[in-house]
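Remarks on the structure that follows.
The values are calculated or read from the model by the stated rules, or taken from the named source; none is laboratory data. Small disclaimer: the values here were computed from a predicted structure and weren't measured. All Cβ positions, glycine included, derive from the backbone under ideal geometry; neighbour counts span all protein chains shown. With ligands, DNA and RNA removed, areas are computed over all heavy atoms of the protein, side chains included. Shrake-Rupley method; radii C 1.70, N 1.55, O 1.52, S 1.80 Å.
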Amino acid sequence: MISHLFRRSARSGTISTLYGMIVAQARLPCFYQDYGVADTVNGRFDLIILHLTLVLDRLAAEQELRELGQGLFDHFCRDMDDNLREMGVGDLSVPKEMRRIGDAFYGRSRAYLAALTPYKPQELADVVARNVYGAPLPQEAAPHRLAAYMRQAHHDLAVESATALGRGELRFPDPAGVLVG
């Protein structure tokens, strides 16, 4: 009778796969070594949000993938909750921290997408500089290079088939090969 509440949906494996790919991409050493993103909890968090935003935007573009997008966002929230608890955040503080995470996600996501569609290179570089790098910048070109990477990833995801995405197939560009220009 209530067993359907405990069954894993066919999509849960796809959601886990997509989220794992997002996290793996966000943890590529190139972002920390070549792009100058701080290899800290905050730096990794910002790169996860950046990649999650791009994937969720693509999933939202297809009616049949919107449920998958919601599942992916829910998975992200559960992962953040779990990470907070692992870092020792107390049960009473977790909801407050999750609100901060939600605010950070929605604020960054809106800013990134506003600068990506239509593409405004300087605005996107400014948003990246503010959200990912803060101050001082590791190097002046870093936000521009990460903005160029985001633009390439946004483009690559836009041409990815809905069928492939629905199966959990996702391809990000190689960040080492993305140059400003």
1.4 Å probe accessible area per residue over segment 57-149, in Å²: 55
Degrees separating the helix 10-26 axis from the principal Cα axis of the chain, which is the longest one: 20
Neighbour count of at most 15 Cβ within 10 Å plus DSSP loop: longest trypsin sites (Lys or Arg not before Pro)-free window in the chain: 28-166
Charge context of V55, other residues only, Cβ under 13 angstrom, K/R +1, D/E -1: -2
Calculated [θ] (222 nm, deg cm²/dmol) that DSSP helices of n ≥ 4 give over the chain, each run adding -39,500 (n - 2.57): -21000 deg cm²/dmol
Highest-MSF residue in the chain out of A148, A26, A114 [GNM, Cα springs under 10 Å]: A114
Segment 96-106 - phi-based ³J(HN,Hα) in whole Hz, Karplus 6.51/-1.76/1.60, Gly and Pro as x: 5, 5, 5, 5, 4, 4, x, 4, 4, 4, 5
Equivalent ellipsoid semi-axes, segment 76-181, via Cα gyration tensor eigenvalues times 5, rooted, Å: 28, 21, 13
Around M98: net Lys/Arg minus Asp/Glu count, Cβ-Cβ under 15 Å: -3
Loop-resident sites, segment 97-181, for chymotrypsin sites (Phe, Trp or Tyr not before Pro), counting at most 14 other Cβ within 10 Å (DSSP): Y119
Cα centre as origin, Lys/Arg/Asp/Glu Cβ charges: segment 23-104 dipole, Debye: 160
Local electrostatic count, T163, Cβ distance below 11 Å [Lys/Arg +1, Asp/Glu -1]: -3
